[in-house]
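Just so you know, all these numbers are worked out from the coordinates, no wet-lab data involved. Remember, it's a predicted structure, so these values are computed and weren't measured experimentally. Cβ coordinates were reconstructed from backbone atoms using ideal geometry, including for glycine residues, and neighbour counts include every protein chain displayed.
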Amino acid sequence: MIQRFVTLCALALILLAAPAAADSPTLIVSEFTNNFRKNLLFRVEAQSASAPITRVELLVQIEGAPSRSRLAAAFVPGAQVRAAYEWNLARDYLPPGARGQFWWEIQDRAGNQVHSPPQTFRVEDQTRAWKRVANDKLAVHWYAGSDRIITFDPRAAFFSFGASVGFGCVALIASALAWLMRRRRAWLIVCSVVALSAGGSAYRFADELPRAARPANFGQALLEHGLYSLEFLERDTGIAIERQIQLYVYGDRDDFFAALEPGAKEWTGGRAFPSSNVILIDIAPDSLEWGKRAVAHEITHLVIHQKIRSPLGELSLPPLIDEGLAVYYESPGAPEPQFAASLQRAIRDDTLISLRALTRAFSADPQIANLSYAQSYSVVDFILRRYGRDKMTQLLQAFKQGGFYDDILIQVLGADLDDLEAAWRKEIGAKPRALPTRARETPTPFPTFSLSTDATPTRGR
Ligand SMILES: [Zn+2]
């Protein structure tokens, strides 16, 4: 269903419009209509008493974008005009949750101008009945998945069970000692204490159990895992998220692809849009565990990109590092078995992809993409173990400054990409690369105003 947002009425516009000369054009109405995934429609009506209106321009500032867009609206010049600008989302894609401001600049033939006050807008996917759970750091929007999921917290179960057993044991030892010392009265007292404490422990355990295995809804479970990942990342990298992350969970692959920009790779399971602070993920209601990893993966992209964001916009980070870190933080120290198997096979068959190839977008072929993720994870894990966390932080800082990848690596690690590959291959037990891959003429990261990072693969789906 298409909803219309008449964001400001005529009266409000006249009252709020920037001060203008008495004979400046007057705004009558300004509207924003969200027709995601087709377009965003901006419309304005204005009149001028002194001369025909000859210029109507729309200014749009997307939140997180380095610059504003100045766009010419379509209209017929005259004393009273209706102008419109259609933002084609197939050409200039924006994800659901992206926000911005817009305002109009209108001028008549005599040179009189009026600027409308800025209005905010937000892109929304209105094809789904979204539910939402949020705190100040993360908002989860979802529409499929149960409202009653049992989430089992092993730590809570362990402590509550452990406390009950421990309490019972102490009472039992005391009663045994009293019996051994043949003190009947004491034995009776201890027996009563044992009975009471056993009852108390059982009651306590029964009371704790629901907390260890309590029902939550699908969105809540993802929110909790997302916040846990965020907390871990903030502690481990020292990067605190500045804006609330908007996470949209699609429960169906077709719905997900219908919401993504055209041309997304077939194996895409999730996508982060760092400048908009938005994540879209396809999580089927029965894939909650995969979904949790995917949430951690995409949140890592947002946190890392926030670290390397510059006033010029997003800088390109080689997928080798970007995806490697995202897989690493899905579950530190425990990569998904699918990746480990893929890596082991490639080591055995001597079919590892060169690290230089992993500084470019990953293949559309799902098998090669899978190995690309597996290798990226392995290299990031190697850098963290061999050089330490501080060097990884320095590496990200250097990528933010820009330059050739080889120069950045030499500057921070004292090794170029080929040296790094040789050391990494040796450590994982792979054969040395037969041919060097060095190609210094390949220029790399200069500010590229990329809207999104590479996608997350669907796994085991
Ligand atoms: Zn990724």
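List of remarks:
- Classified by the C-alpha gyration tensor, the range 313-379 has an oblate form. Its axis ratio a/c, with a ≥ b ≥ c, is 1.5 or above, and a/b does not exceed b/c.
- Sorted by Cβ neighbour density within 10 Å, fewest at the top, the residues 416, 282, 350, 252: 350, 252, 416, 282
- Remark: 300, 359 ranked as 359, 300, counting other beta-carbon atoms within 10 Å and listing the fewest first.
- Taking 247, 233 and counting other C-beta atoms within 10 Å, the order from fewest to most: 233, 247
- Bridgeable aspartates and glutamates around residue 265 (alpha carbons under 14 Å apart, same-chain partners fewer than 8 residues away excluded): 254, 282, 365, 454.
- Under-5 Å amide H pairs with residue 355, H placed in peptide plane, nonlocal only: none
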